[in-house]
Every structure is written in structure tokens, then in C-alpha cells.
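For reference, the structure is listed below as C-alpha cells.
Every number in this text was worked out from the coordinates using simple rules, so none of it is lab data. What you see is a predicted model; the values in this text were computed from it and never measured. Positions of Cβ are generated from backbone atoms using ideal geometry, with glycine treated the same way; all protein chains shown enter the neighbour counts.
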Amino acid sequence: MNIAYKRKLPSSRDVQEMYPLKTEDKKQKAKNDEEIRKVFTGEDDRLVLIIGPCSADRDDAVLDYITRLRPLQEKVQEKILLIPRVYTNKPRTTGEGYKGMLHQPDPNQRPNLLKGVIAIRKLHIKVLQETGFSCADEMLYPENYRFLSDVLGYVAVGARSVENQQHRLVASGINVPVGMKNPTSGDLAVMMNSIKAAQSSHAFIFTDREVQSTGNPLTHAILRGAVDRYGQNMPNYHYEDLQQVSELYKKGEYENPGIIIDCNHSNSGKKYEEQIRIAKEVLHSARYSKTINSLIKGLMIESYLEDGSQKPDGGVYGKSITDPCLGWAKTERLVLELAESR
């Protein structure tokens with residue numbers, strides 16, 4: 001193989017033992033899990049907001065951002081449940097560019113995955129301990145999921161991973177909600193098949209062992225828009241799109257049907273301020289239809305301390321180095337407006 005082996009990494013079990021959760025952390029995580037679970041089973045009608053930076057680039061700014069979410073959560077707790085985004089792996093369409101904290105704990109230094117697996121675990125634990133939040137992360141690499149399996153409150157499978165068999169099988173063994181994005185082509189059948197697969201039981205190979213999953217009844221759809229063959233964005237958050245997914249759910253035997261709307265990516269054309277309008281339109285559609293209202297479990301919003309984005313060496317604290325994000329002032333105002341309109 002044309003691969004140079006650099007070093008043997010510690011196993012996920014070793015990393016969990018080196019950086020364990022305290023008893024009080026486990027209790028807080030269990031409490032968070034139950035709150036989140038009830039939204040996706042329909043026992044709690046609050047709106048989930050999976051909110052935060054496109055990618056976690058530096059732990060001080062990420063922690064600063066999430067610390068600000070805590071008093072905001074208290075203000076909107078009757079209407080909205082916040083799940084911070086701490087996305088530590090960043091998919092790249094061509095393989096070029098910053099791939100996230102897992103690869104580069106320091107965006108301006110060379111990749112170091114040994115430091116990376118430790119950095120991402122320490123960050124998720126620090127957020128749980130200092131803010132009480134269990135966060136969302138993307139499962140870009142299924143084999144790496146166990147480094148964070150005991151701290152995550154929500155898992156997303158991205159548009160370029162949703163058709164991958166290993167992602168589907170590992171999702172079937174996860175005990176927190178897993179959102180399956182529609183692929184970049186917009187093919188909803190791919191997304192629905194992925195949900196069906198993840199809700200089912202499977203025998204497969206995982207971390208060099210034969211395993212058996214029980215199925216994940218909290219697996220659901222994430223609509224993130226699509227791109228046509230000419231490279232044009234095709235949003236899929238409109239009322240008619242939500243009706244279409246409702247019909248697809250009705251045709252199959254799915255547990256806990258649900259939809260999260262990704263307000264950025266191809267839905268906004270990566271025009272980050274459009275997230276405000278999109279979020280409000282989705283809630284308008286939910287008010288108009290009881291069926292859609294029952295399906296819409298929440299929104300995904302890319303937000304950071306500063307508006308927009310910069311290059312990795314830009315030097316602006318709290319400004320995204322990947323996709324552009326809403327700044328804090330706009331974010332806070334949007335969350336309060338969404339709570340008021342519920």
C-alpha cells in the first residue's frame with residue numbers, strides 16, 4: 001500500500017480511561033439524554049436548536065460561545081432545547097483545506113491525529129463540565145465514534161456519508177438521536193433508506209470485533225438542500241418539501257418520524273444571514289399544518305461569536321475558518337424570536 005504508518009494511536013477505550021467522565025458528568029449527560037430523547041419521541045413539544053460553529057477550531061472561542069448559550073437556554077427553556085454544535089471533523093469535498101480539530105488541534109500547524117483525538121475528547125468533556133450541555137458532533141469517521149461515544153448528545157451523518165454502509169450500521173448501535181442528511185444530489189430515497197437501515201438491527205464488524213446492534217429508533221431526517229447537475233443550489237425546506245418527506249415517512253414503517261432543517265449549506269446557498277429567514281419560514285409551515293408541526297423536531301443553525309468567515313490564519317477570535325456563520329448578536333436575537341413565535 002502507498003501509505004506510510006506514522007504511529008499507533010491509543011484505542012478509544014484507552015483514551016476514555018485516560019480522560020474519564022466524573023460521576024456528576026455522567027448524571028448530567030443522562031439527564032440531557034432524556035430531555036433530548038423526549039423531543040424526538042414526541043413526548044416534549046419543544047423545538048431543538050442544534051446550534052454553533054461550522055467547525056470547532058479553537059477550544060477557548062468554542063467554550064466562550066457555548067457559555068453564552070447557557071443563560072440563553074434558561075430564557076427560552078419552555079419553548080426551545082439547545083444542543084450546541086461542537087463539530088470536530090470537517091468533511092472536505094476535494095480533500096483540501098482544514099479538516100477539523102481531530103486532524104489539526106491548531107489550525108495553523110501540521111496535522112497531528114494523536115493530539116487531535118485527545119483534544120476533541122477534552123473539549124467535549126470541558127463543555128459538559130462547565131456548561132452542562134451535551135453537544136452534537138458529526139460522525140465523519142465511524143471507527144472514531146467511540147472516542148466520544150459517552151459524551152455526545154446528538155450525532156449527525158453528513159450528506160457525503162449518508163449512503164455509506166458503515167455509517168448506517170454504526171448509527172444503528174448509537175443510543176442518542178442520529179440525524180441522516182439528504183445527499184448532495186437531493187435524492188430523498190437515499191436518506192429514507194439510511195434511516196430505515198439505522199433503525200434496524202444488524203450484525204457487522206466494528207473496531208475489529210463482530211458486533212450486534214439493536215437499532216436506533218431515534219434516527220431521523222435532516223434536510224440540508226441539494227445541488228443540481230449544473231451546480232445550482234436546490235433548497236428543500238419549503239412547505240411542499242416537508243409534505244413530500246411526510247408522505248415518504250407514511251409509506252414506510254418508521255419509528256418516531258422526524259425532520260431537522262439545516263438552515264445553512266445548500267438551503268441558504270451558504271449565505272449565512274439567510275438562516276434567519278429560513279428558520280422563520282419553517283416555523284410558519286409548522287403552524288400551518290399539524291402534520292408538519294409534528295414532524296419538525298428542530299433546526300440546525302451555524303453560528304459563532306462573529307459574523308461571516310475568515311481564512312485559517314485570519315486571527316479574528318470567534319470567527320469561522322470554514323463556512324460563514326451568524327454572529328452572536330444575530331444568533332441571540334433569532335433564538336429569542338423563535339421562542340416567542342412558538
Requested in this report: Could you tell me what fraction of 2.2 N^0.38 Å the Cα radius of gyration of segment 193-253 comes to, as a two-decimal ratio?
Outcome: 1.53
Report summary line: Sparse-neighbourhood loop hits (trypsin sites (Lys or Arg not before Pro), segment 119-226; DSSP loop; Cβ within 10 Å at most 15 others) -> R160
Query raised in the report: Here are some pairs, K250/K290; K26/K270; K6/K181; K26/K181; which of them have Cα atoms lying more than 26 Å apart in this structure?
Result: K26/K270; K6/K181; K26/K181
Query - segment 192-232: chymotrypsin sites (Phe, Trp or Tyr not before Pro) falling in loop per DSSP and having at most 10 other Cβ within 10 Å - result: Y230
Query raised in the report: Which of I80, I51, L9 sits closest to the plus end of the dipole of the chain, meaning its Cα is farthest towards the positive end, when Lys and Arg get +1 and Asp and Glu get -1 on the C-beta?
Result: L9
Requested in this report: Starting at the first residue of segment 229-236, write each ³J(HN,Hα) from the Karplus equation 6.51 cos²θ - 1.76 cosθ + 1.60 with θ = phi - 60°, in whole Hz, x for Gly and Pro.
Outcome: 5, 9, x, 8, 6, 10, x, 9
Report task. Give me the lysines in straight-line cross-link reach of K22: C-alpha distance below 26 Å, same-chain residues under 8 apart excluded. Result -> K31, K38, K115, K122, K126
Requested in this report: Output the relative contact order of segment 156-250, whole-number percent, from Cα pairs under 8 angstrom with separation of 6+ residues.
Outcome: 28
Report task. Starting from segment 18-93, pick out the GluC sites (Glu not before Pro) whose DSSP state is loop and whose Cβ has at most 14 other Cβ atoms within 10 Å. Result -> E43, E78
Query raised in the report: In whole Å, what is the distance between the alpha-carbon centres of segment 13-88 and segment 206-235?
Result: 21
Report summary line: Length-normalised contact order of segment 192-342, Cα under 8 Å, at least 6 apart, in percent, tallies to 17
Report task. Taking H placed 1.01 Å from N in the peptide plane, check which residues at least 5 places from L81 or on another chain put their amide H under 5 Å from its amide H. Result -> L47, V48, L49
Report summary line: Applied in sequence order to segment 290-300, the curve 6.51 cos²θ - 1.76 cosθ + 1.60 (Karplus, θ = phi - 60°) yields integer Hz couplings, x standing for Gly and Pro, of 5, 5, 5, 4, 6, 7, 6, 8, x, 10, 10
Query raised in the report: Given H placed on each backbone N at 1.01 Å, which residues far from I222 in sequence or on other chains put an amide H within less than 5 Å of it?
Result: M180, K181, N182, I260
Query - Relative contact order (%) - segment 45-162, alpha-carbon pairs under 8 angstrom, separation at least six - result: 24
Report task. Kindly provide the helix-only [θ] at 222 nm of the chain, computed as the sum of -39,500 (n - 2.57) over DSSP H runs of four or more divided by all residues, to the nearest 500 deg cm²/dmol? Result -> -12000 deg cm²/dmol
Query raised in the report: Between segment 273-310 and segment 139-197, how many Å separate their Cα centres?
Result: 21
Query raised in the report: If you project the alpha carbons of the chain onto the principal axes, what extent comes out on each, in Å, largest first?
Result: 56, 49, 46
Query raised in the report: How large is ³J(HN,Hα), in whole Hz, for each residue of segment 187-195 in order, when computed from phi with the Karplus curve 6.51 cos²θ - 1.76 cosθ + 1.60 and θ = phi - 60°, using x for Gly and Pro?
Result: 5, 5, 4, 4, 4, 5, 5, 5, 4
Query raised in the report: Nearest-5 percent of antiparallel DSSP beta bridges in the chain?
Result: 20
Requested in this report: Note down the nm distance, to one decimal, between modelled labels 7 Å out along Cα→Cβ at N293 and at S341.
Outcome: 1.5
